[in-house]
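In what follows, a structure is listed as structure tokens, so that the remarks can point back to it.
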Amino acid sequence: MNNSLLNIGASGLRVAEMALQVTGHNIANASTPGYTRQQALQTSNLPLYVGAGYLGQGAHVTTVRRIFDSYLTAQVTASQSQASGLERQSQLLTSLDGILSNSSTGLTVALQDFFASLDGVAATPSQTAPRQAFIAAGEVLANRIRSLDQRLETQATEVNQEIPAQVSAVNVATKQIAALNKQIRLAEATSNGQPANDLRDQRDALVRELNTVVRTRVVEGSEGQFDLYIGNGQPLVLGQKSFELKAESSEFDPSQYSVSFDTGNGTVPLSVEQLGGGKLAGLLAFRQDTLEPARAQLGRIVAALGSAMNAQHAAGFDLDGAAGTALFSFAGMPAPVASARNTGSGSISATLLDVNQLSGHDYQLTFQGGAWVAQRLPDKVTVGSATPPATLAVNGLEFTFGGTPDDGDSFMLRPASNAARSFEMLLNDPRKFAAAAADPTAAGNGPLDNGNANLLAALRNATLLNGGSTSFGNAYVDLVTDVGTQARGVGLMAEAQGQVLKDSVAAQQAVSGVNLDEEAANLLRYQQAYQASAKVMQTAATVFDTLLSIAN
């Protein structure tokens, strides 16, 4: 009996000591990211039958479990990927909005000053000072256009450099998760299935970190291992094996990266929709839905402005009676670019029929079922198709087809992609400005003729863009408004999703987080249990000593 009482007290000591250790572990990790509160579960030992009934034999700890809710954790993971993607997209949109709308970097003020200088020449066409002011305003406008394009190029470079860095982060995380799968399997296999709580916490933290970059779907398989999937079911982790994403040169632009899944036998491109969320989706969404269309719109405005100004200036005469020359120079339309994935020998050439009819979109032409199908980007709306040898006319462009393409071959055309970066003011001699509508050296004409200066100034309000409905200034305002609207919309969504993430984390932490007040109470409770068990052992020893003294 005394031995049983001693064993009962000892079992109580062991249970209380383990509970104290678990509580101390919780307190020590209260600020550890990803830590899940643990709890020692105890049960009574099998009782002993003694004739008069069953006598209890103390207690033991059956396991140390995590206080874990898989549903709440999945909610946090999903919210994290959405919040991270929207936050990164919002940051980039806010930066672009600032560049386009700022009076020091945008075109609004420069365009206003440029046309105002034309009013000055028209008012006093014979004087040199207004002509010099016009040349200066033209140089400021050209410099501002090139500077703006360079700023957009810098943003494109920033996005392009971040993509491989984020892809690398994904690959590092998936390798670590696969390694933890192995450690968890071994640890739990050698402990009779007892959970490797801290290793599981580390893995959960890595999964959440991974979801800041790309959204994943988690499936817990056999032996406690995680399988992770993205996109259309492409695996990132299968048990102890990890798979990689790749940052590959875009099929149409070697200077730009796209994201692909490495199958081991090749790569499969992943779209923004397939990435689902996270910073990678935010980066690619910003580039394809906002930055590239903004650059296309800027190029269209600049090309139309330069073409209209050059044509009108050529219709006038300078102070020496010579016909006007080009005011601006800028690069023409580049050739369509073949996809790096093309397998056929097809070719496409493009001709710019009317710069004022350009829509501000880029175009992708794909050979399908014997016909070339043109889609505008980024919304991929089909705008026309043609079966060779027929040509295809789209928004001021004409496409001519040759060679023998294979089904699925495609080409990309960015009609005005080079206009802004190469835009320059050519006129540098005030006398060469063609302000006169007629030869000022002819009889009846003179240096006071301001007819062409007025016509040039009238281009300020000429609705030459969007099929004859929009002026240059309004087209730029539309661009700024569109980007600003996107920035505000995504910003609001990012703010809302950030709150969803906070709420999800709060709900998860309410279940799994460490409450120091609660742990302090547990410390006192288990300390009292430990002391009481020690008292039981002391009592058992006293009884045993009494028996010995009686025997002696």
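Of the residues making up region 162-214, those that are in a helix (DSSP H, G or I) and of a type in the set (Gly, Ala, Ser) are ALA165, SER168, ALA169, ALA173, ALA178, ALA179, ALA187, ALA189, ALA205. Under the condition of being over 14 Å from PHE367 (Cβ atoms), of a type outside the set (D, E, K, R) and not in a loop (DSSP other than H, G, I, E, B), the residues counted in region 385-399 number 3. Looking across region 1-55, the residues that are surrounded by fewer than 13 Cβ atoms within 10 Å (Cβ to Cβ) and of a type in the set (Gly, Ala, Ser) come down to ALA28, SER31, SER44, GLY51, ALA52, GLY53. Against the test of being touching a Lys or Arg at 6+ places or on another chain (Cβ under 6 Å), at pLDDT 90 or above and outside any strand (DSSP E or B), the options ILE99, ILE27 yield a single qualifying residue, ILE99. Taking the listed residues LEU365, LEU426, LEU397, the one that is modelled with pLDDT under 95 and aliphatic (A, V, I, L, M) is LEU397, with no other qualifying. Among the candidates ASP379, ASP482, ASP407, the residue that is out of contact with any strand residue (DSSP E or B) (no Cβ under 9 Å at 6 or more places or on another chain) and either in a strand (DSSP E or B) or not assigned by TED's automatic domain parsing to the domain that holds ILE301 (or both) is uniquely ASP379.
Considered as a group, the residues in region 400-414 that are surrounded by 13 or more Cβ atoms within 10 Å (Cβ to Cβ) and touching a Ser or Thr at 6+ places or on another chain (Cβ under 6 Å) include one that is farthest from ALA386 (Cα to Cα), and that residue is SER410. When GLU248 is tested against (1) crowded, with 19+ Cβ neighbours inside 10 Å; (2) modelled with pLDDT of 95 or more; (3) part of a strand (DSSP E or B), exactly one condition is not met: (2).
Might you check whether a residue that is in contact with a Leu (Cβ under 6 Å, 6 or more places away or on another chain) and farther than 23 Å from SER410 by Cα occurs anywhere in region 289-296? No, region 289-296 has no match at all. The single condition among (1) over 30 Å from GLY316 (Cα atoms); (2) surrounded by 21 or more Cβ atoms within 10 Å (Cβ to Cβ); (3) touching a residue at least 60 places away in the same chain (Cβ under 8 Å) that GLN155 does not meet is (2). Regarding LEU479, is this residue under 41 Å from the mean Cα position of the chain (by Cα), modelled with pLDDT of 95 or more and closer than 20 Å to PRO33 by Cα? Here the answer is no, as LEU479 does not meet what is asked.
Just one residue in the set GLN528, GLN497, GLN538, GLN509 is part of a helix (DSSP H, G or I), over 28 Å from THR73 (Cβ atoms) and under 59 Å from the mean Cα position of the chain (by Cα); that residue is GLN528. Where strands (runs of 3 or more DSSP E) fall wholly inside region 258-376, the ranges with 1 or more residues that are touching a residue at least 24 places away in the same chain (Cβ under 8 Å) and either under 24 Å from the mean Cα position of the chain (by Cα) or in the same structural domain as ASP482 (by TED's automatic domain parsing) (or both) are 267-269, 362-368. Would you check if there is a residue in region 494-502 being in the same structural domain as ALA437 (by TED's automatic domain parsing), under 24 Å from ASN26 (Cα atoms) and surrounded by fewer than 16 Cβ atoms within 10 Å (Cβ to Cβ)? Checked against the condition, which is being in the same structural domain as ALA437 (by TED's automatic domain parsing), under 24 Å from ASN26 (Cα atoms) and surrounded by fewer than 16 Cβ atoms within 10 Å (Cβ to Cβ), region 494-502 yields at least one hit. Here ALA110 passes the criteria (1) assigned by TED's automatic domain parsing to the domain that holds SER147; (2) of a type outside the set (Val, Ile, Thr); (3) not in a helix (DSSP H, G or I) except the one numbered (3).
This table checks each residue for (1) of a type in the set (Gly, Ala, Ser); (2) surrounded by fewer than 24 Cβ atoms within 10 Å (Cβ to Cβ); (3) in contact with a helix residue (DSSP H, G or I) (Cβ under 7 Å, 6 or more places away or on another chain).
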{"residue": "SER271", "(1), (2), (3)": "yes, yes, no"}
{"residue": "LEU275", "(1), (2), (3)": "no, no, yes"}
{"residue": "ALA281", "(1), (2), (3)": "yes, no, yes"}
{"residue": "LEU291", "(1), (2), (3)": "no, yes, yes"}
{"residue": "ILE301", "(1), (2), (3)": "no, no, yes"}
{"residue": "ASN310", "(1), (2), (3)": "no, yes, no"}
{"residue": "HIS313", "(1), (2), (3)": "no, no, yes"}
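Scan region 313-335 and give yes if some residue there is farther than 30 Å from ARG488 by Cα and of a type in the set (S, T, N, Q), otherwise no. For region 313-335, residues farther than 30 Å from ARG488 by Cα and of a type in the set (S, T, N, Q): present.
The values are calculated or read from the model by the stated rules, or taken from the named source; none is laboratory data. The structure displayed is predicted, hence computed values, not measured ones. Virtual Cβ from ideal backbone geometry, glycine too; neighbours counted across all protein chains shown.
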